[in-house]
Amino acid sequence: MAHQDGVRLRGSVANSRKYLRSLKWAVLIGSTAVALAIIYLQVRSYSCSDRLECTRWTQTQEGLVIQYRAVRTMNTWLLFENATWHAPDAETLEKNGYGIPQPGLTLTRDYEIYEVSTSGTPWIFGLRRSSLVNPLAYSSQLAVPLRLPAILFGTLPMSYFAWRVIAARRNRNRLAAGQCAACGYDLRATPDRCPECGHVIIQIPSTDQAHPTPERH
């Protein structure tokens with residue numbers, strides 16, 4: 001019974017390690033893909049502006065309410081836009097010079113590039129916020145430099161691979177000095193297994209041992 005419990009426990013530990021390893025690689029690959037996609041959008045934003053916008057029209061007793069949400073790239077910036085219009089009808093808004101988008105979800109591309117206004121309230125890491133209020137409309141904008149999310153998503157995979165390079169060099173130096181690659185314990189007395197952490201040392205035969213020179217008779 002105890003033996004079966006031990007086997008079951010070892011199987012659960014092995015499955016957990018396999019799941020964590022898969023999750024690790026999924027996070028690393030996903031972060032790398034997102035960082036590369038953001039870099040591509042940043043380069044692309046010099047020549048065109050991609051915009052995803054959602055508009056909803058709601059008729060109330062007070063009049064027409066139009067809610068507008070949009071995310072777009074413009075000249076190395078990621079812009080989050082929010083606007084709300086209040087008027088008796090759409091004609092009143094058009095007479096006051098407002099260009100009202102049609103309801104629905106749309107993805108558009110604009111090749112007219114202009115400088116993003118940086119007169120808004122500065123936040124940390126280069127973020128800027130601006131707003132406009134008048135009797136018929138309210139609008140706000142949050143400008144995020146595209147380099148910021150690229151750095152955030154790219155830091156994890158870059159740090160991981162840098163740590164792997166450093167760990168490989170450390171393990172190589174430990175093995176050359178006769179130490180355990182896992183904990184650094186001296187293995188001159190027990191070269192097959194580390195008595196400190198139990199790490200098994202794999203002995204790689206040299207070229208001469210693997211292919212001995214035949215003796216001449």
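A short reminder: the numbers here are calculations on the coordinates, not readings from a lab. Everything numeric here is computed off the predicted structure, so don't read it as measured data. Glycine also receives a Cβ, built like all others from the backbone with ideal geometry; neighbour counts cover every protein chain displayed.
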Seminar exercise, completed: Cα-based Rg and Dmax for region 35-111, in Å, come out at 15.3, 48
For this session: Restrict the search to region 14-81; then list the GluC sites (Glu not before Pro) that DSSP places in a loop and that have at most 15 other Cβ atoms within 10 Å of their Cβ.
Result: Glu62
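Arranged by the count of other C-beta atoms within 10 angstrom, fewest first, what order do Ser45, Ser140 take? Walk me through the numbers before you get to the answer.
Numbers: Ser45 20, Ser140 15.
Least crowded to most crowded, the residues run Ser140, Ser45.
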